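Trainee: Sharing a structure with you now.
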Amino acid sequence: MVNEFSMREKSIVFIGFMGVGKTTVAQLVAKKLYRDFIDIDHEIEQEFGMPTTDIFEKFGEAMFRQKEKEYVFKFSEQPLKIIALGGGAFLQKEIREQCLDNNIVFYLDISWDSWKDRLHMLVDSRPILQNKPLEDIEELFNERKSMYEEHNSSLNTDNTDVEEIANYIIDSLKLAWELYE
Ligand code: S3P
C-alpha cells in the first residue's frame with residue numbers, strides 16, 4: 001500500500017549496518033523535529049519481554065524477522081514518525097519496498113575501518129556477530145552495503161559526531177520539503 005502523505009508528513013526511516021548509530025541519530029532527529037521516535041528492535045524486545053539475543057536463541061531468527069516486518073509495516077504507514085530499523089531489516093524485499101514507497105529513507109554509511117573499532121562494544125548484544133571470525137563479519141559488512149544502496153539519501157558518518165549528523169539530515173530534509181512542497 002502506498003500512503004498519500006505529503007513530503008513533509010512522510011515518516012523518516014534510518015537504515016545502515018549494526019552499530020552505525022541509527023538509534024542515536026534517529027532519536028536526536030526526532031527530538032529536533034518534535035516527532036515520535038520508533039526503534040523497531042525495541043518494539044520487538046518489548047513484545048517478547050527480552051533482549052534480541054534471547055529472542056534469536058529461544059524463538060529463532062525467522063520469528064524475529066517476521067516481527068520486524070510487522071512492526072515496520074505498522075509504523076511506516078503512519079505519518080510524522082522517525083524510525084530506526086535494525087541492520088538486517090532491509091534484507092526483506094517487502095520491507096525495502098514498503099519503506100521506499102512510503103517513507104524518506106536515510107542510509108547511515110560507515111567505512112569498515114571505522115566500524116571495526118566498535119565491534120567489541122557490539123558483539124554481546126548482536127546475535128548476528130556472535131561466534132564469527134573478523135573476516136566473515138567483513139564479508140557480511142560488504143554484502144549488506146549493496147543491500148543498503150536503495151535509499152533516498154545517504155551520509156558517511158566516519159569521524160562525524162551525532163549532533164553534526166542530525167543537523168545535516170535536518171538541513172537536507174528542509175531543502176527537500178521546500179523543493180517539493
Ligand atoms: C541485526 C541488527 C540489529 C538487530 C538484530 C539483527 C542484523 O539491529 O535488529 O540483532 O541482522 O543486522 P541494529 O542494526 O540496531 O544493531
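The values are calculated or read from the model by the stated rules, or taken from the named source; none is laboratory data. No experiment lies behind these values; they were computed from the predicted model shown. With ideal geometry, Cβ positions are generated from the backbone for all residues, glycine too; neighbour counts draw on all protein chains shown.
Trainee: Could you list, in sequence order, the residues of the range 22-62 that are closer than 14 Å to Lys81 by Cα, aliphatic (A, V, I, L, M) and more than 11 Å from the ligand (Cβ to nearest atom)?
Mentor: Selection gives Val25, Leu28, Val29, Ala30, Leu33, Ile38.
Trainee: Within the range 79-95, is there a residue that is farther than 19 Å from Ala30 by Cα, surrounded by fewer than 14 Cβ atoms within 10 Å (Cβ to Cβ) and modelled with pLDDT of 95 or more?
Mentor: yes
Trainee: Could you pull out the residue among Leu108, Leu100, Leu140 that is under 22 Å from Val25 (Cα atoms) and within 15 Å of the ligand (Cβ to nearest atom)? Show your work before the answer.
Mentor: Values: Leu100 fails: within 15 Å of the ligand (Cβ to nearest atom); Leu140 fails: under 22 Å from Val25 (Cα atoms).
Answer to the check: Leu108.
Trainee: Further question: Among the residues of the range 155-171, write down those that are modelled with pLDDT of 95 or more, not in a strand (DSSP E or B) and not acidic (Asp, Glu).
Mentor: Thr157, Val162, Ile165, Ala166, Asn167, Tyr168, Ile169, Ile170 - these are the residues of the range 155-171 that are modelled with pLDDT of 95 or more, not in a strand (DSSP E or B) and not acidic (Asp, Glu).
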